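Undergrad: Structure below; questions to follow.
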Amino acid sequence: MNDSFLQPEDYLEPRCLLCDMPVGMEQVKPVPQGRIIEKLDDYMSRRDYAGAERHLKYWLEEAKAGHDRGGALMIHNELVGHYRKTGSRNGAFEHAEAALRLVDELKLQNTVTAGTTYINAATACNAFGENERALALFEQAAAAYEAVGSVAPEKLGGLYNNMGLTLTALGRYGEAYALFDKALHVMKSADHGALEQAITCLNIADAKKAELGADAAEQEIDALLDRAYDLLNTPGIPRDGYYAFVCEKCAPAFSYYGYFLAANELKKRSEAIYERA
């Protein structure tokens, strides 16, 4: 043997005994993201939050075992939303941090995926009173979407809506209204965007009350609630699980402002859809 030449062991990485790939380059076994979301939607349509959590945690472990960091990112994002809805601050923040780390590790900063992740994390911060931190994350989301150049109206509408809520909480009403207007405009071009427009109208009503007081803003608030209810009654909107979720989300706002008949009707619609699921 000529000792002047390198031997294979000098330049080949040690191989994993399980997958016969170099250590650190293990074979990726992707999780079925579409099927995971489809099953998650089924759980949520029945408001089976415990089942949804078990489902997501199971597939998160599968993604980790299969070295599927893209799949893990998707599932962490879904868990952020799940824990936000169920009121678990620790759970939401744990998975938000994990998702943000994966965005950096996968070098996805200027992508739609990054924008969605920043929005999910920001919305969790907003839900638990971390408004300054939420605003910084929303700004990162806006930068990511701007870098992409072409983003679905649903995603832009969600960004503008949620960022507007954060600015309302911070008392920056002028900036909030500007973003709510952008949300209303962009959702006109989205499929069934009337539902998101209705939510935006209710957000504007809350901002008007916070800025001006209930009495001074009464006429504006009434007009916004009438518009929101009309949007929820837009012909052709599928009466599916998402419609039920929106009705359930909007009903308390109508009740708060004294629109009890509208609130009860939305609750009935929501319950009827959930019972059919």
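Undergrad: Using alpha-carbon pairs under 8 Å, 6+ residues apart, how would you state the relative contact order of region 11-151 in percent?
TA: On the way: 165 pairs, mean separation 22.6, N = 141.
Over region 11-151, the number comes to 16 percent.
Undergrad: Give me the distance between the Cα centres of region 108-160 and region 58-85, rounded to whole Å.
TA: 18
Undergrad: Can you tally the net charge around Q33? Count Lys and Arg as +1, Asp and Glu as -1, for every other residue whose Cβ sits under 14 Å from the Cβ of Q33. Write out the running numbers ahead of the final one.
TA: Details: positive: K29, R35, K39, R69; negative: E38, D41, E62, D68, E78.
Result for the local shell: -1.
Undergrad: While we're on this one: Using +1 at the C-beta of Lys and Arg and -1 at the C-beta of Asp and Glu, which of V151, G171, A52 has the Cα lying farthest in the positive direction of the dipole of the chain?
TA: The Cα lying farthest towards the positive end belongs to A52.
Undergrad: Name the residue farthest towards the positive end of the dipole of region 214-277 from the options F254, A216, N233, assuming +1 on Cβ of Lys and Arg, -1 on Cβ of Asp and Glu, about the Cα centre.
TA: Result: N233, furthest along the dipole toward the positive end.
Undergrad: Output the relative contact order of the chain, whole-number percent, from Cα pairs under 8 angstrom with separation of 6+ residues.
TA: Details: 325 pairs, mean separation 30.2, N = 277.
For the chain, the relative contact order is 11 percent.
Undergrad: Okay, next question. Rounded if a/c is under 1.5, else prolate if a/b is larger than b/c, else oblate: which is region 85-195, with a ≥ b ≥ c the root eigenvalues of its Cα gyration tensor? The partial results should precede the final answer.
TA: Numbers: a/c = 1.69, a/b = 1.17, b/c = 1.45.
Taking the square roots of the gyration eigenvalues as a ≥ b ≥ c, region 85-195 is oblate.
Undergrad: Still on this structure, please answer the following. Can you check what the Kirkwood hydrodynamic radius comes to for region 11-151, Cα pairs only, in Å to one decimal?
TA: On the way: mean 1/r = 0.0620 Å⁻¹.
Value: 16.1 Å, from the Cα pair sum.
Undergrad: Rounded to two decimal places and with Rh computed the Kirkwood way over Cα pairs, what is Rg over Rh for the chain? Don't jump to the answer; show the numbers that get you there.
TA: Numbers: Rg = 22.8 Å, Rh = 20.9 Å.
Across the chain, the Cα-based Rg/Rh ratio is 1.09.
Undergrad: Does anything in region 48-68 have its amide N under 18 Å from the 7 Å Cα→Cβ label point of D42, and if so which residues?
TA: 48-60
Undergrad: Residues of region 151-166 with the amide nitrogen closer than 12 Å to a label point 7 Å from the Cα of A210, along Cα-to-Cβ, please.
TA: Under 12 Å, as judged by backbone N against the label point of A210, lie 162-166 of region 151-166.
Undergrad: Sticking with this structure for a sec: Give, in nm to one decimal, the length gained when the segment between T86 and E105 is fully stretched (0.36 nm per residue of separation minus the Cα-Cα distance). Could the numbers behind the result be given before it?
TA: Numbers: separation 19, 0.36 × 19 = 6.84 nm, distance 2.85 nm.
Gain in length upon complete extension: 4.0 nm.
Undergrad: Can you list the lysines whose alpha carbon sits under 26 Å from that of K208, skipping same-chain ones fewer than 8 residues off?
TA: Within the straight-line cut-off, K208 pairs with K85, K155, K182, K188, K249, K267.
Undergrad: Here is a follow-up. Below 12 angstrom from the Cβ of A96, what's the summed charge of the other residues (Lys, Arg +1; Asp, Glu -1)?
TA: On the way: positive: R84, R89, R101, R133; negative: E78, E94, E97, E130.
That sum, taken over residues with Cβ under 12 Å, equals 0.
Undergrad: Taking the chain as a Gaussian network, Cα atoms linked when under 10 Å apart, which of G164, G193, G115 shows the biggest mean-square fluctuation?
TA: Highest fluctuation among the options: G193.
Undergrad: Could you compute the net charge surrounding L225? Neighbours are other residues with a C-beta less than 15 Å from the C-beta of L225; K and R count +1, D and E count -1.
TA: Working: positive: K208, K209, R227, K249; negative: D206, E218, E220, D222, D226, D230, E265.
Cβ neighbours under 15 Å give a net charge of -3.
Each value in this text was obtained by applying a stated rule to the coordinates, not by laboratory testing. These numbers come from a predicted model, not from an experiment. Ideal geometry is used to build each Cβ from the backbone, glycine not excepted, and the neighbour counts take in all protein chains shown.
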